[in-house]
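A.B. asks: Got a structure for you, questions after.
The values are calculated or read from the model by the stated rules, or taken from the named source; none is laboratory data. Being a predicted model, the structure only gives us computed values, none of them experimental. Cβ atoms come from the backbone with ideal geometry, glycine included; neighbour counts cover every protein chain shown.
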Amino acid sequence: MHRIVIVGGGAGGLELATRLGDKLGRAGKAHITLIDRSPTHVWKPLLHEVAAGSLDAHVHQIEFAAQAHWHHFNFVRGELKGLDRSSKTIDIATVHGGAFDDKAEILPSRKVEYDTLVLALGSRTHFFGVHGAEEHAITLDTLEQAEILRRRLLATCARKRTAGGNDDVNIAIIGGGATGVELAAELRRMEAGFRKYGLHPNGKSGDIKISLLEAGHRLLPALPERVGQTASSILSELGIEVSVADPVIEVADGRIQTKSGRAITSDITIWAAGIKAPGVLASLDGLAVNRINQLKVGRTLQSETDVDIFAIGDCASCSWNGERMVPPRAQAAHQQAVYLSKALVSRLECRVSDEFSYSDHGSLVSLGPSAAVGSLLHNSTGGYIFVKGTFAKLLYATLYRKHLAAVSTLNRACASLIIHAIRRLTMPRVKLH
């Protein structure tokens, strides 16, 4: 039986495994395997809400093992460490992390055979060689990192409150893209929750100071200028200090240095300034990658080096209209998963499939519990429509609903939303521990 192995259970990888399991696994036409280092999936665009404590990750996690059972694929836990293209095997690292000993071995290293391999490893933070950034800044690549940030915020506020006085909690976010902007707004929402439940440092307004630093000339540089300007205005209204055109050149413990010579005090520094693909891709048996480790693929999403290896999502470098590259967005991963689920079925049946074509439907950025801003594609004119406020927030909320619908049955997606709504009526709006 044909073996299709998908490495990476992010938005694209999980959706692809689910679709192929339903199409091929259920009928016994192929053996589908999904590999991920984590036992659960959380939609990455939600991580800023997890970090701010406004979303309980346990409620929104999808258990890979359960998803595999429901959708007729196999799940293997582990991290990709190597590839042998001649024998068509991949190496999976040992999994550590016992209940009482993080170094305890849970699963041994293994080899997994494939006939078709799909790499959907997502992206990691790019520090651009800034001195001290990797050592002293927190990132938001994974659920574990989001939880670390949330606990750090709680601990810092508790320490300042216990010490007394009027010490501020200074939070610096480096990077004015969607992640940095959304996190800044969500942290202000977190502050309101802390004040309500007595966790605020000293009870006065403005004690949690948030700075957002962008190296470029405006926020959200990948989106239309009006979107960036509106986001900047809304953040300023929320009391968030926005700095542009002054790159960070050094991150130290409790301090940030910018190119202009400005020194910024920071109790917590968060790096959200750029992405690159995981470094392991650059060492996979000669597969061609670009300067940020993305696998070079053609318009069929096949590796330029090996026709039996595909890549989707943030870890793939795919041409869009011959000039631009497909952007690292959740909508791109979704479109590639839909395309590849059909293309691999055609490949198995020895039929030629069309090339992948990316459609940019626009982008939305959340700015707290009741506001959002963004642009939507106008189908008749080919231009973009600017949206903001409550309407934009409702549209933003549908993005996650669409993701749930893509990886779950309609009944499970609806049940998940109902359970979440009930919990919001009975639980604090901010996670307090």
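A.B. asks: Give segment 1-29 a look and list any residue that's of a type in the set (A, V, I, L, M), in contact with a Ser or Thr (Cβ under 7 Å, 6 or more places away or on another chain) and assigned to a helix (DSSP H, G or I), or say none.
C.D. replies: LEU16, LEU20 - these are the residues of segment 1-29 that are of a type in the set (A, V, I, L, M), in contact with a Ser or Thr (Cβ under 7 Å, 6 or more places away or on another chain) and assigned to a helix (DSSP H, G or I).
A.B. asks: So, one more: When the residues of segment 308-355 are filtered to those that are at pLDDT below 90 and either of a type in the set (D, E, K, R) or within 21 Å of the chain's Cα centre (by Cα) (or both), which remaining residue is farthest from VAL7 (Cα to Cα)?
C.D. replies: The extreme case among them is GLU323.
A.B. asks: Filter segment 30-46 down to the residues that are buried (at least 24 other Cβ atoms within 10 Å of the Cβ) and either outside any strand (DSSP E or B) or among the aliphatic types (A, V, I, L, M) (or both), then identify the one that is farthest from the chain's Cα centre (by Cα).
C.D. replies: It comes out as ILE32.
A.B. asks: With respect to SER359, determine if the residue is hydroxyl-bearing (Ser, Thr, Tyr), buried (at least 16 other Cβ atoms within 10 Å of the Cβ) and under 21 Å from the mean Cα position of the chain (by Cα). Talk me through it step by step, then tell me what you get.
C.D. replies: Details: hydroxyl-bearing (Ser, Thr, Tyr): yes; buried (at least 16 other Cβ atoms within 10 Å of the Cβ): no; under 21 Å from the mean Cα position of the chain (by Cα): yes.
So SER359 does not fit the description; no.
A.B. asks: Let me ask something else. Considering segment 141-158 alone, what residues qualify as being under 20 Å from LYS209 (Cβ atoms) and in contact (Cβ under 8 Å) with a residue 40 or more places away in the chain?
C.D. replies: LEU149, ARG150, ARG152, LEU153, LEU154, THR156, CYS157, ALA158, listed by residue number.
A.B. asks: Inspect all residues belonging to segment 51-58 and state whether any of them is outside any loop (DSSP other than H, G, I, E, B), touching a His at 6+ places or on another chain (Cβ under 8 Å) and farther than 26 Å from LEU295 by Cβ.
C.D. replies: Of all residues in segment 51-58, those outside any loop (DSSP other than H, G, I, E, B) come to 51, 57-58.
Adding the requirement that they be touching a His at 6+ places or on another chain (Cβ under 8 Å) leaves none.
Within segment 51-58, none of the residues are outside any loop (DSSP other than H, G, I, E, B), touching a His at 6+ places or on another chain (Cβ under 8 Å) and farther than 26 Å from LEU295 by Cβ.
A.B. asks: Find the residue count for segment 205-226, including only residues that are of a type in the set (S, T, N, Q) and either surrounded by fewer than 16 Cβ atoms within 10 Å (Cβ to Cβ) or assigned to a loop (DSSP other than H, G, I, E, B) (or both).
C.D. replies: Step one: of segment 205-226, the residues of a type in the set (S, T, N, Q) are 205, 211.
Filter once more, so that each one left must be either surrounded by fewer than 16 Cβ atoms within 10 Å (Cβ to Cβ) or assigned to a loop (DSSP other than H, G, I, E, B) (or both): 205.
Summing the residues that are of a type in the set (S, T, N, Q) and either surrounded by fewer than 16 Cβ atoms within 10 Å (Cβ to Cβ) or assigned to a loop (DSSP other than H, G, I, E, B) (or both) in segment 205-226 gives 1.
A.B. asks: Please go through segment 121-150 and give me each residue that is crowded, with 21+ Cβ neighbours inside 10 Å, among the small types (Gly, Ala, Ser) and part of a loop (DSSP other than H, G, I, E, B), ordered by number.
C.D. replies: Within segment 121-150, GLY122, ALA137 meet the criteria.
A.B. asks: For segment 313-323, state whether one or more residues are assigned by TED's automatic domain parsing to the domain that holds LEU46, in a strand (DSSP E or B), under 26 Å from VAL289 (Cα atoms) and not hydroxyl-bearing (Ser, Thr, Tyr). Working first, answer last.
C.D. replies: Within segment 313-323, the first condition is being assigned by TED's automatic domain parsing to the domain that holds LEU46, and the residues that meet it are 313-323.
Next cut, in a strand (DSSP E or B) only: 316-317, 319-320.
With the extra rule that they be under 26 Å from VAL289 (Cα atoms), the set shrinks to 316-317, 319-320.
Then keep just the ones that are not hydroxyl-bearing (Ser, Thr, Tyr); that gives 316, 320.
Yes, segment 313-323 contains a residue that is assigned by TED's automatic domain parsing to the domain that holds LEU46, in a strand (DSSP E or B), under 26 Å from VAL289 (Cα atoms) and not hydroxyl-bearing (Ser, Thr, Tyr).
A.B. asks: Check SER353, SER341, SER370 and return the single one that is in contact (Cβ under 8 Å) with a residue 24 or more places away in the chain, over 21 Å from THR125 (Cα atoms) and not in a helix (DSSP H, G or I).
C.D. replies: Values: SER341 fails: not in a helix (DSSP H, G or I); SER370 fails: in contact (Cβ under 8 Å) with a residue 24 or more places away in the chain.
After applying the criteria, what remains is SER353.
A.B. asks: Yes or no: PHE73 surrounded by 15 or more Cβ atoms within 10 Å (Cβ to Cβ), assigned by TED's automatic domain parsing to the domain that holds SER341 and under 21 Å from the mean Cα position of the chain (by Cα)? Break it down stepwise before answering.
C.D. replies: Values: surrounded by 15 or more Cβ atoms within 10 Å (Cβ to Cβ): yes; assigned by TED's automatic domain parsing to the domain that holds SER341: yes; under 21 Å from the mean Cα position of the chain (by Cα): no.
It is false that PHE73 is surrounded by 15 or more Cβ atoms within 10 Å (Cβ to Cβ), assigned by TED's automatic domain parsing to the domain that holds SER341 and under 21 Å from the mean Cα position of the chain (by Cα).
A.B. asks: OK, next. Please work out if ILE106 is within 30 Å of LEU16 (Cα to Cα), out of contact with any helix residue (DSSP H, G or I) (no Cβ under 8 Å at 6 or more places or on another chain) and surrounded by fewer than 18 Cβ atoms within 10 Å (Cβ to Cβ). Lay out the reasoning, then the answer.
C.D. replies: Numbers: within 30 Å of LEU16 (Cα to Cα): yes; out of contact with any helix residue (DSSP H, G or I) (no Cβ under 8 Å at 6 or more places or on another chain): yes; surrounded by fewer than 18 Cβ atoms within 10 Å (Cβ to Cβ): yes.
Against the criterion (within 30 Å of LEU16 (Cα to Cα), out of contact with any helix residue (DSSP H, G or I) (no Cβ under 8 Å at 6 or more places or on another chain) and surrounded by fewer than 18 Cβ atoms within 10 Å (Cβ to Cβ)), ILE106 qualifies.
A.B. asks: Return the residues of segment 377-398 that are surrounded by fewer than 16 Cβ atoms within 10 Å (Cβ to Cβ) and touching a strand residue (DSSP E or B) at 6+ places or on another chain (Cβ under 7 Å); say none if nothing qualifies.
C.D. replies: Quick first cut of segment 377-398, residues surrounded by fewer than 16 Cβ atoms within 10 Å (Cβ to Cβ) only: 377-383, 385-386, 389-391, 394-395, 397-398.
Hits for segment 377-398 are LEU377, HIS378, ILE385, PHE386, LEU395.
A.B. asks: Is segment 158-175 home to any residue that is among the aliphatic types (A, V, I, L, M) and either in the same structural domain as LEU46 (by TED's automatic domain parsing) or surrounded by fewer than 22 Cβ atoms within 10 Å (Cβ to Cβ) (or both)?
C.D. replies: There is at least one residue in segment 158-175 that is among the aliphatic types (A, V, I, L, M) and either in the same structural domain as LEU46 (by TED's automatic domain parsing) or surrounded by fewer than 22 Cβ atoms within 10 Å (Cβ to Cβ) (or both).
A.B. asks: Identify, please: which residue in segment 59-69 is in contact (Cβ under 8 Å) with a residue 60 or more places away in the chain and in a helix (DSSP H, G or I) and is, among those, surrounded by the most Cβ atoms within 10 Å (Cβ to Cβ)?
C.D. replies: Top of the filtered list is GLN67.
A.B. asks: Now for a separate question. Report, by residue number, each residue of segment 309-331 that is surrounded by 22 or more Cβ atoms within 10 Å (Cβ to Cβ) and touching a residue at least 60 places away in the same chain (Cβ under 8 Å).
C.D. replies: Listed by number, the residues that qualify are ILE309, PHE310, ALA311, ILE312, GLY313, ASP314, CYS315, ALA316.
A.B. asks: Report whether or not HIS69 is in contact with a helix residue (DSSP H, G or I) (Cβ under 6 Å, 6 or more places away or on another chain) and not basic (Lys, Arg).
C.D. replies: On the way: in contact with a helix residue (DSSP H, G or I) (Cβ under 6 Å, 6 or more places away or on another chain): no; not basic (Lys, Arg): yes.
When the stated conditions are applied, HIS69 does not pass them.
A.B. asks: Can you pull out every residue in segment 159-194 that is closer than 30 Å to ALA215 by Cα and modelled with pLDDT under 80?
C.D. replies: Going through segment 159-194, the residues closer than 30 Å to ALA215 by Cα turn out to be 167-192.
Selection gives ASP167, ALA192.
A.B. asks: I would also like to ask the following. Just one of the numbered conditions (1) farther than 23 Å from GLN229 by Cα; (2) in a loop (DSSP other than H, G, I, E, B); (3) assigned by TED's automatic domain parsing to the domain that holds ARG291 is not true of PRO328; which one?
C.D. replies: (1)
A.B. asks: Within segment 251-265, can you find the residues that are out of contact with any His (no Cβ under 8 Å at 6 or more places or on another chain) and surrounded by fewer than 23 Cβ atoms within 10 Å (Cβ to Cβ)? Spell out the reasoning first.
C.D. replies: Of all residues in segment 251-265, those out of contact with any His (no Cβ under 8 Å at 6 or more places or on another chain) come to 254-265.
Within segment 251-265, GLY254, ARG255, GLN257, THR258, LYS259, SER260, GLY261, ARG262, ALA263, ILE264, THR265 qualify.
A.B. asks: Moving to a separate point now. Under 6 Å by Cβ, and 6 or more places apart or on different chains, what pairs join a residue from segment 282-308 that is on the phi > 0 side of the Ramachandran plot and crowded, with 17+ Cβ neighbours inside 10 Å with one that is in a loop (DSSP other than H, G, I, E, B) and among the aromatic types (Phe, Trp, Tyr)?
C.D. replies: Here the result reads LEU301/PHE356, each pair linking segment 282-308 to a residue that is in a loop (DSSP other than H, G, I, E, B) and among the aromatic types (Phe, Trp, Tyr).
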